[in-house]
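The values are calculated or read from the model by the stated rules, or taken from the named source; none is laboratory data. For clarity, every value in this text was computed on a predicted model and none was experimentally measured. When we count neighbours, we look across all protein chains shown, and the Cβ atoms used for this are built from the backbone with ideal geometry, even at glycine. Note: areas computed on protein heavy atoms with side chains; ligands, DNA, RNA excluded. Shrake-Rupley method; radii C 1.70, N 1.55, O 1.52, S 1.80 Å.
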Amino acid sequence: MATQEPSVRAGDATARVVIRGAGSIGRRHADVFARTGAAVGLWPVRAQAADATSPAGIELLDDTTGPAAMASADLAVIATTTSRHVADATTALDAGSRRILVEKPVAVDLADAEPLRDHARADHVWVAAPLRAYAGFRHLASLVPELGTPVSAHVWSQSWLPDWRPQQDHRQSYSARMSEGGPLRDLVHELDYVEQLLGEPKLIGARLEHGGPLDIEAEQAATLLWSTATATITCRLDYVTRPSSRGIVLRSPSGSVEWDVLLGRVVHRHGDGLADERVFAEDLDRDATMLTQARAALELSPTSDPSSRRAAGAPATLADGCSVLALCDQARGAGT
């Protein structure tokens, strides 16, 4: 039976957070968790991965000081490359870190995640899912029951990979690698939140596009079709679109709901044609949404009541993260 650990109060300066990995996402996690009031340590995988001085208020760790800090951490954040996620997470659990937050995706595929799934403390693992922390998503989720059934949905996340890290050749990034990258791994947030909205997926078909303008090993685009007990969903994830576009539209005999993630806008159109629109300006600040996730990861546990986790904008559980990996594995197997 899963055990329920006491929560760690966000804003309690005695809460200790160790970030493993000091790339762009690791440093953002460090800055955000420092804003909760926690004591934060940043432990690079390579010494050159961090500046000579750590960000203000954040302790810079190394291979001498990192293990002890990890052993006493209330939360360890794994922000290394995808191929290292499982090994780094299990190391942190074995060392004694009270709870773990693993960046997405939790592993390169479901088989790779097995050591973490089988770990005796697997129920203390969060998986990063910041879209769940968006106010727009939580409002969207509150409207889905009004749609009734059947529901059709289209979800998409489309952007231009070279724009992600303009200072780096996109062909040298992890996103370009067959073993770690591709939109099916980079953009799993869309798959995660749709599963939360509409239920367990059953894949119908998939197409993966490896050709295109980017000159990378990984797929450049993926189109999926799946069903749930109440809905049929199409999904487009790609690296080859300008300008960026991200969102979801759900339709039923009772009306439709559309979430434009980049504009922070949710539009609910009723069956009679009338529409209600809300804009969530707070969702336009990525650090603010990460802060919501960070506070929830500290205040709650993956074994907390699901309704409490949803209301707080908490990350995904390890089971949720592995369910998404299973869908991605199926898509790769079916993709042409």
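Is the shape of region 224-284 rounded, prolate or oblate, going by the alpha carbon gyration tensor and its root eigenvalues a ≥ b ≥ c, with a/c under 1.5 for rounded and a/b larger than b/c for prolate? Before the final figure, lay out each step's value.
Working: a/c = 2.39, a/b = 1.07, b/c = 2.24.
Cα axes put region 224-284 in the oblate bin.
Rounded to the nearest Å, what's the spacing between the alpha carbon centres of region 218-246 and region 115-129? Just the number, please.
Rounded to whole Å, the Cα centres lie 27 Å apart.
Quick one: compute the contact order of the chain, relative version, from alpha carbon pairs under 8 angstrom and 6+ residues apart, as a percent. Can you show the working numbers first?
Working: 728 pairs, mean separation 68.4, N = 336.
Answer for the chain is 20 percent.
Considering the dipole of the chain built from charges on the beta carbon (Lys and Arg +1, Asp and Glu -1) around the Cα centre, which of V32, L187, H85 is farthest to its positive end?
Working it through, the farthest residue towards the positive pole turns out to be V32.
Among rounded, prolate and oblate, which fits region 141-198 when a ≥ b ≥ c are the square roots of the eigenvalues of its C-alpha gyration tensor, a/c under 1.5 means rounded, and a/b larger than b/c means prolate?
Note, shape of region 141-198 comes out prolate.
Please report, in debye to the nearest 20, how large the charge dipole of the chain is about its Cα centre when each Lys and Arg carries +1 at its beta carbon and each Asp and Glu carries -1 there. Don't jump to the answer; show the numbers that get you there.
Values: 33 positive and 43 negative charges, 47 e Å.
So the magnitude is around 220 debye.
Hey, in the GNM for the chain with a 10 angstrom Cα cutoff, which one of E180, E299, E282 fluctuates hardest?
Sorting by GNM fluctuation, first place goes to E282.
Just to be sure I understand: of the beta bridges DSSP finds with both ends in the chain, what percent are antiparallel, rounded to 5?
Working: 41 of 67 bridges.
Taking every DSSP beta bridge with both residues in the chain, the antiparallel ones total about 60 percent.
Taking the chain as a Gaussian network, Cα atoms linked when under 10 Å apart, which of R246, R265, R165 shows the biggest mean-square fluctuation?
It is R165.
Per residue, how many Å² of accessible area does the chain show with a 1.4 Å probe? Walk me through the numbers on the way to the answer.
Working: 14330 Å² over 336 residues.
That works out to 43 Å² for each residue.
Using a 10 angstrom cutoff on alpha carbons, build the Gaussian network for the chain and name the most mobile of T81, T64, T289.
For the chain, modelled as a Gaussian network with Cα springs under 10 Å, the answer is T64.
Can you pull the percent of the chain's accessible area that's carbon plus sulfur, 1.4 Å probe, other chains left in place?
Details: 7330 of 14330 Å².
Using a 1.4 Å probe with all protein chains present, the chain comes out at 51 percent carbon and sulfur.
What does the charge dipole of region 258-336 about its Cα centre add up to, to the nearest 20 debye, if the Cβ of each Lys and Arg holds +1 and the Cβ of each Asp and Glu holds -1?
Numbers: 8 positive and 13 negative charges, 47 e Å.
I would put it at about 220 debye.
Take the alpha carbon atoms of region 304-336, find their center, do the same for region 144-188, and report the distance between the two centers in whole angstrom.
If we compute the Cα centre of each part, the gap is 15 Å.
Can you compute the modelled spin-label distance between D215 and T234, with each label point 7 Å from Cα toward Cβ, in nm?
3.3
Would you work out the relative contact order for region 151-265, in percent, from Cα pairs under 8 angstrom that are 6 or more residues apart?
Values: 222 pairs, mean separation 42.6, N = 115.
Contact order relative to length: 37 percent.
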